[in-house]
Amino acid sequence: MKYTMCITQHEYFSRYFVDNHVTKNGSETRVIKHYNYIGWPDHGVPDDMGPFIIFYQKIKLATQRFKDRPLLVHCSAGVGRTGTYVALDYLLQQAKSESVINPYSFVKGMRLRRPMMIQSVEQYQFLHQAVYEQRATTGFVSTPNDLATKITTFEQNQGSSKDIISQEFWHIEKKVKMAKFDFSFGKDSANKEKTGFPKYCQIASDMLIDRKYSPYISGNNGIYINAIFVNTYREKNQWLATQLPLSNTIVDFWQLVEDQDVKVVLQLDAYQIPFYPRADDEKMTEGPFTIHRIKTENLEFVTNIALQIKSKKKRIEVTVVLVKAWEADLPQSKLS
C-alpha cells in the first residue's frame, strides 16, 4: 500500500506549533493532529514553564474525544523528553484520582519497559515542578465570558479565598521568588549605572536583566542594555520591554531600535530625560545617531510622534506612541 500525506493546517505559537496531517492509504483517509514543542532542548528542560503547561492543556483538551485511541509521544530518542511528558500526564491523573503522587514508582516502572525514560536529574526535577504548576494553576484558567464574574468576585471579596485574581498574582510572586536567574550580566560594575530610577533598582537588577532573556546591542558602548525579550501569544521575542532611557543609555536605546529593526515605540510615561526632539522639524544628535522629529499627531489619549533615525549604517522611520492618560500605576480610565 502507498501512503500519502499532506499538511492542511499549520498554527504557529511562540514555543510550539500544531499541524493537521491528512493521510491516505488506498481508500482510507485519516486526519492526524501533530503537536510539536520546539522550546525543549535534548537532555534538558523547557526554558519557560508557562508555554509548556499551555501546550499540555491543549493536548489534553484535544484528546478528550479520543480516549479509546493511544496518544503517540516521541522526541529524538524517545526517552528523555518523552518520558518526562508521559510521567507528567500519569502523575496529574494520579493526583486527581488519589490525592497523592509517586514519581519514583512510576519512573522506575517506565524504565523497566524502556531504558533511560527521563534522562537526567534536571528532567526529574522539572517533572515535579510541572506537576506542581499544573495543579496550582488549574483554577486560574477561564474563558473570556468568565472574566466579568471573575472581576466582580475580586471587587467583592478582595483578599479572601474567593478572590482568584489576587491568588493568581500571589502565585506569580511566589514563583518568581523561587526561580533561578543569572544576574551577573546586569550586576557587572560596567553595567550597574545603566539601571536607573533608584527606587526600582532592586527590581531591575533582580528581574529584568537575566542574560538568557536579554538582547545584546552592537556599537561602541558595550553590549548590555536593561531590556528583555517577551513572547507574544504566537511569536517568540516579538516584544522588547525596557526602561525610559537615562542620560547614559540614550545611545544604547537607539542602538537597540536599530539592531532589532523596531518600527513602533510604545511610551507609557513622559520622559524625564529627552531622548528625541521636543518639537517638529527639530533634530538632536546622540552618539552616532541623529534623531529628526518629522511630525506630531495629537489624539485624545495618545500622541503619535514620527521620527527619522539616521546613523552611518542606515536610516529608519520610527513612530513613538506616547500614552497621555497613564501617569500613575493605572490608566485614568478603562477607555484610555
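Each value in this text was obtained by applying a stated rule to the coordinates, not by laboratory testing. In this text the structure is predicted, and so the values were computed from the model without any measurement. For neighbour counting, all protein chains shown are included, and Cβ atoms are generated from backbone atoms with ideal geometry for every residue, glycine included.
The table below lists the values:
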{"item": "Contour minus Cα-Cα distance for T285 and H171 (0.36 nm per residue)", "result": "36.5 nm"}
{"item": "Net charge over other residues, Cβ less than 15 angstrom from the Cβ of R114 (K, R count +1; D, E count -1)", "result": "+4"}
{"item": "Cut-off 20 Å (backbone N to label point 7 Å along Cα→Cβ of Q93), residues of the stretch 49-71", "result": "53-71"}
{"item": "L61, L322 arranged by Cβ crowding within 10 Å, fewest neighbours leading", "result": "L61, L322"}
{"item": "Per-pair calculated FRET efficiency, R0 = 45 Å: N237 and T23 via Cβ, rounded to 0.05", "result": "0.85"}
{"item": "5 angstrom amide H check on Y16, placed H, neighbours 5+ away", "result": "I38"}
{"item": "Furthest towards positive pole of dipole, P41, S99, Q64, structure part the stretch 39-137, Cβ charges", "result": "Q64"}
{"item": "Pairwise FRET efficiency - Q9 versus R278, Cβ, R0 = 51 Å, nearest 0.05", "result": "0.50"}
{"item": "Under Karplus coefficients 6.51, -1.76 and 1.60, residue-wise ³J(HN,Hα) of the stretch 226-240 in Hz, glycine/proline x", "result": "6, 8, 9, 7, 9, 7, 8, 4, 10, 10, 8, 6, 9, 10, 10"}
{"item": "Charged-residue dipole, Cβ positions (Lys, Arg, Asp, Glu), the stretch 184-327 about Cα centre, Debye nearest 20", "result": "360 debye"}
{"item": "Simple Cβ-charge dipole of the chain, Lys/Arg +1 and Asp/Glu -1, about Cα centre, in debye nearest 20", "result": "1280 debye"}
{"item": "Largest to smallest principal axis extent of the C-alpha atoms in the stretch 99-149, angstrom", "result": "50, 22, 15"}
{"item": "Neighbour cut-off at most 10 other Cβ (10 Å), DSSP loop, GluC sites (Glu not before Pro), the stretch 244-299", "result": "none"}
{"item": "Cut-off 15 Å, label 7 Å out along Cα→Cβ of R211, residues of the stretch 221-236 by amide N", "result": "223-225"}
{"item": "Residues of type lysines that K295 reaches as a straight line, Cα spacing below 20 Å, ignoring anything fewer than 8 places off in the same chain", "result": "K263, K283, K310, K324"}
{"item": "Distance between modelled label sites at T296 and L72, nm, 7 Å Cα→Cβ extension", "result": "6.2 nm"}
{"item": "Under 25 Å between alpha carbons - lysine pairs in the stretch 30-169 that sit 8 or more apart or on different chains", "result": "14"}
{"item": "Within the stretch 279-314, backbone nitrogen closer than 16 Å to the virtual label 7 Å beyond the Cα of K263 toward Cβ", "result": "305-309"}
{"item": "Residue-span extension gain [S142 to E193] - 0.36 nm each, minus C-alpha spacing", "result": "14.1 nm"}
{"item": "Two-site label geometry, Q64 and L330: point separation in nm, points 7 Å out along Cα→Cβ", "result": "3.4 nm"}
{"item": "Point-to-point label distance, L244-H128, nm (Cα→Cβ direction, 7 Å offset)", "result": "4.5 nm"}
